[in-house]
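Following: one structure in structure tokens, then a few remarks.
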Amino acid sequence: MVPCPQLPDLAELLSIVEERSADDTDALTRLTVAEGVLSDLQKVGDRLLGYLVELARAEGCSWADIGDHLGISRQAAQQRYGRRWSSLTIADLARSGAFERYTGRARETLERAEEHARRLGRPSIEAGHVLLGILDDPNTLAVRAIAAQDADPSALREALERRLPTGAGSPAALSVGADARRALTAALTETAELRHNYIGTEHMLLGLLHDKSGTAGQLLWEHGIALEPTRAAVRAALEAFLRSREA
């Protein structure tokens with residue numbers, strides 16, 4: 001049997017506190033630093049539980065199933081693990097297999113979304129950052145679907161940059177915010193609607209259009225980019241691509 005790795009013991013944690021204290025021997029300073037270490041450990045623990053919840057849900061387990069396993073209600077399970085599930089980063093979700101069906105460009109879009117969130121000093125990746133990531137690459141099917149509706153991607157980007165809020169700085173582990181998660185979930189729904197076996201930037205764009213109340217979705221609709229016309233533009237572009245391959 002492989003021995004179970006040991007968690008950090010008190011001596012190791014004290015060593016971390018000493019390193020972070022920058023040789024400050026003041027007891028109150030070290031106490032404050034220790035609080036920070038404890039907070040960091042709690043965040044890692046939250047991500048651990050959130051990651052395992054992600055795996056359980058990927059295997060088809062509902063919140064009710066998770067609650068039944070723990071002997072609590074569905075609502076109690078969501079209250080206990082919902083925040084932790086929402087603390088996952090792009091890297092966490094990728095490790096869980098959530099992006100296995102994403103195209104290379106779609107994954108690059110998510111990486112750029114994280115970069116935009118950090119640039120703007122936000123505490124999490126928001127739907128607006130995902131839209132910025134999409135607009136960064138003019139050669140994607142998503143941007144072509146926007147242009148097909150007589151909308152200017154450059155003007156859309158400028159308007160989005162003006163509207164997105166900024167913050168004081170991003171944490172080291174940047175979680176995927178609730179509105180971005182909803183958009184990515186809706187993107188998965190769109191693949192079924194279009195009968196596709198992959199998730200591309202076009203599905204991510206359609207996912208963003210599901211939420212008219214959010215900054216990204218609202219701005220898209222304001223620029224004349226709507227759900228059904230976008231679906232039609234995606235279908236037309238894919239049909240044209242298939243015809244060109246057959247020619």
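The values are calculated or read from the model by the stated rules, or taken from the named source; none is laboratory data. Not measured: the values here are computed from a predicted model. Note: ideal-geometry Cβ built from the backbone for every residue, glycine included; neighbour counts use all protein chains shown. Side chains included, ligands, DNA and RNA excluded: accessible areas come from the protein's heavy atoms. Shrake-Rupley method; radii C 1.70, N 1.55, O 1.52, S 1.80 Å.
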Among what's in the stretch 58-79 and is out of contact with any helix residue (DSSP H, G or I) (no Cβ under 8 Å at 6 or more places or on another chain) and among the charged types (D, E, K, R), pick the residue that is modelled with the lowest pLDDT. GLU59
Is it true that some residue in the stretch 7-14 is under 30 Å from the mean Cα position of the chain (by Cα), surrounded by 11 or more Cβ atoms within 10 Å (Cβ to Cβ), at negative phi and in contact (Cβ under 8 Å) with a residue 24 or more places away in the chain? no
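Residue-wise test of (1) under 29 Å from SER96 (Cα atoms); (2) at pLDDT 85 or above; (3) part of a helix (DSSP H, G or I).
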residue: GLU18; (1), (2), (3): no, yes, yes
residue: ASP23; (1), (2), (3): no, no, no
residue: LEU31; (1), (2), (3): no, yes, yes
residue: ALA34; (1), (2), (3): no, yes, yes
residue: LEU38; (1), (2), (3): yes, yes, yes
residue: GLN42; (1), (2), (3): yes, yes, yes
What pairs can you find where one residue is in the stretch 191-205 and within 14 Å of LEU238 (Cα to Cα), the other is basic (Lys, Arg), and their Cβ atoms are less than 6 Å apart, with a gap of 6+ or different chains? TYR198/ARG101; ILE199/ARG101; THR201/ARG105
Matching residues, the stretch 86-122, being free of Cβ contacts under 8 Å to residues at least 60 places away in the same chain, under 29 Å from TRP63 (Cβ atoms) and open to solvent by 60 Å² or more (accessible area, probe 1.4 Å): ARG95, GLU100, ARG107
Count - residues of the stretch 40-73 that are among the polar types (S, T, N, Q) and over 24 Å from the mean Cα position of the chain (by Cα): 1
Write out, first by first residue and then by second, each pair whose Cβ atoms fall under 6 Å of each other, whose residues are 6+ apart or on separate chains, and whose first residue, in the stretch 159-179, is under 12 Å from LEU120 (Cα atoms) and open to solvent by 10 Å² or more (accessible area, probe 1.4 Å) while the second is modelled with pLDDT under 95 and in a helix (DSSP H, G or I). ARG163/THR215
Matching residues in the stretch 1-16 - criterion: being in a loop (DSSP other than H, G, I, E, B) and hydrophobic (A, V, I, L, M, F, W, C): MET1, VAL2, CYS4, LEU7
Taking helices (runs of 4 or more DSSP H) that fall entirely within the stretch 132-247, which contain at least 2 residues that are more than 28 Å from SER87 (Cβ to Cβ) and over 16 Å from the mean Cα position of the chain (by Cα)? 141-147, 153-163, 178-194, 215-222, 227-246
